[in-house]
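Some notes on the structure that comes next.
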Amino acid sequence: MQDRFQRQINYLRISVTDRCNLRCVYCMPARGVQNIPHREILTIEEIAAVVNAGVLAGIRKVRLTGGEPLVRRGILDLIKQLSNIPEIDDIALTTNGILLGDMAIDLKAAGLKRVNVSLDTLKPARFHRITRGGRLNLVRSGIDTSLKNGLEPVKINTVAIRGFNDDEIVDLAKLTLDRPLHVRFIELMPIGTSDAWSRGKFISSQEVRELITGALGNLIDEEKIPGSGPARYSRLPGAEGTVGFISALSNHFCATCNRLRLTATGQLRPCLFSRQEIDLKQALRAGAGPGELARVFQEAVMAKPDAHDLASGWQKDDRIMSQIGG
C-alpha cells in the first residue's frame, strides 16, 4: 500500500490488550486505568481475520503490543494463527519482560520471530520504583531465555529520562559489548500520563550519543538490523550488539513511516500521535468480508498525515499508551 506521500505501508502494530501487569510512572497513574470491557476487545479470531484482510491490502509484518501482550489469554494461539498466514514474513512482540522467561520457549515454538524488551534501568530498586512493583530479575531472565532460544534479534527499549536513568546510559550501552543485544535509546514522548510528568526530563538522542562516546569511544554507523524500524544504529568497536537511537521528537522519522496501528478495541489508527481512528471492529462484527476490511485498511493508509505534531502536546487525548498500543 502506498499513501499520499509515497510511503509504502506494510507494517501493522496490534494492541492485543489494554491490560498491563506493571504501572510505570511515565505510562499510567498509580491506580491504573479503568479496564475496557472484554466484549469491546477484539477476540483472537477477530484479530487473525483482520490480519488476513490486511494482507490483501499489503500488510507483511506485524508486531504484537499492549498493554502487556503476554497477559492476553490466547496469545500463543494468536501467534500460531498469524504464523500460518503465508504472506506474513515477520511476527514480533514488545513486552515488559516480566513473563517472558516463562514463555519464551513456547513463543518461539508458536512462530514468534523476535522480541523487544522494555528496560529503563539496571538497578533493582530503581526498576521497582519506576514500574511501581516490578522485579528486575524476571526481566533479565526473560532476556537470557530469549537469546538462548533464538528469539533474535533481542532489542532492549530504553526511554532516556533526565534525573532518572541518565547516569546509567553508559552501563546500558555496555550491554552490547559481549552479547548480541541491541539497546535502543528512545526519546521521552509527552503521551498521556507522561505529558505533564515528562516536563524537564527530556534528553535528546544527540545528548545520549555524546554520553556514550565520551565514556566508551566512537560509535561506528551500522547497517539496519532485521526489523530495525525508525532506529538509527551504531556499534561500539568490537561489540557483539548495537546501540540504537529513536528520535521521535528531535529528529522525527515520519518521512519513512511504514505502519498502521490497530487498537485492542478494533480501531485502525493511521498515526500514533493523531486522534484520528477508523472503526474496523464495527465492519468486522457486521459481517464484512476480507475484501471489505481491506478497503478499511486502504482508507486508513490514505488518512496518514505527512508528519506528527507532537511538539504541540498530546492534543487533549485522555487515553494513555496502554489503551492505544505501544
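The values are calculated or read from the model by the stated rules, or taken from the named source; none is laboratory data. What you see is a predicted model; the values in this text were computed from it and never measured. Backbone-built Cβ (ideal geometry, glycine too); neighbour counts: all protein chains shown.
Can you report the number of residues in the range 33-80 which are of a type in the set (Asp, Glu) and more than 24 Å from residue 151 (Cα to Cα)?
So the answer is 3.
Got at least one residue in the range 121-129 being in a helix (DSSP H, G or I), within 30 Å of residue 290 (Cβ to Cβ) and among the basic types (Lys, Arg)?
No: zero hits.
Of 70, 12, 64, 22, which residue is assigned to a loop (DSSP other than H, G, I, E, B) and of a type in the set (A, V, I, L, M)?
That would be 22, the only listed residue that is assigned to a loop (DSSP other than H, G, I, E, B) and of a type in the set (A, V, I, L, M).
If only one of 229, 238, 244 is at positive phi and within 21 Å of the chain's Cα centre (by Cα), which one is it?
229
Within the group 289, 241, which residue is modelled with pLDDT of 90 or more, touching a His at 6+ places or on another chain (Cβ under 9 Å) and either surrounded by fewer than 17 Cβ atoms within 10 Å (Cβ to Cβ) or not acidic (Asp, Glu) (or both)?
Answer to the check: 241.
Among the listed residues 269, 259, 232, 295, which satisfies the condition of being under 19 Å from residue 94 (Cα atoms), surrounded by fewer than 20 Cβ atoms within 10 Å (Cβ to Cβ) and not β-branched (Val, Ile, Thr)?
232
Could you check the range 152-193 and list, in sequence order, the residues that are of a type in the set (D, E, K, R) and either at pLDDT below 95 or assigned to a strand (DSSP E or B) (or both)?
152, 155, 162, 184, 187
Answer yes or no: is there a residue in the range 98-114 that is part of a loop (DSSP other than H, G, I, E, B) and closer than 24 Å to residue 23 by Cβ.
yes
Within the set of pairs 6 or more residues apart or between chains, which connect a residue that is closer than 18 Å to residue 44 by Cβ inside the range 278-304 to a residue that is outside any helix (DSSP H, G or I) with Cβ atoms less than 6 Å apart?
These pairs meet every condition: 280/266; 280/268; 281/266.
Of the conditions (1) of a type outside the set (Lys, Arg); (2) surrounded by 19 or more Cβ atoms within 10 Å (Cβ to Cβ); (3) over 30 Å from residue 34 (Cβ atoms); (4) free of Cβ contacts under 8 Å to residues at least 40 places away in the same chain, residue 93 satisfies every one except a single condition; which number is it?
It fails just one condition, (3).
Within the range 10-52, restricting attention to residues that are in contact with an Asp or Glu (Cβ under 8 Å, 6 or more places away or on another chain) and among the aliphatic types (A, V, I, L, M), which residue is surrounded by the fewest Cβ atoms within 10 Å (Cβ to Cβ)?
36
How about the range 244-262: which of its residues are modelled with pLDDT of 90 or more and aliphatic (A, V, I, L, M)?
Within the range 244-262, 246, 260, 262 qualify.
Show me the strands (runs of 3 or more DSSP E) entirely contained within the range 235-286 in which 2 or more residues are over 19 Å from residue 17 (Cα atoms) and out of contact with any Cys (no Cβ under 8 Å at 6 or more places or on another chain).
242-246
Criterion first (touching a Gly at 6+ places or on another chain (Cβ under 7 Å), among the hydroxyl-bearing types (Ser, Thr, Tyr), outside any helix (DSSP H, G or I) and closer than 30 Å to residue 81 by Cβ) does residue 94 satisfy it?
yes
Considering only the range 132-154, state which residues are out of contact with any Ser or Thr (no Cβ under 8 Å at 6 or more places or on another chain) and of a type in the set (Asp, Glu).
The one that is out of contact with any Ser or Thr (no Cβ under 8 Å at 6 or more places or on another chain) and of a type in the set (Asp, Glu): 144.
Can we say residue 145 is of a type in the set (Val, Ile, Thr), part of a strand (DSSP E or B) and at pLDDT 95 or above?
Criteria not met by residue 145.
When residues of the range 208-224 are filtered for being under 23 Å from residue 188 (Cα atoms) and either touching a Gly at 6+ places or on another chain (Cβ under 7 Å) or touching a residue at least 24 places away in the same chain (Cβ under 8 Å) (or both), how many remain?
Adding up the residues that qualify gives 6.
Report yes if residue 125 is closer than 30 Å to residue 207 by Cβ and surrounded by 20 or more Cβ atoms within 10 Å (Cβ to Cβ), otherwise no.
So residue 125 fails the test.
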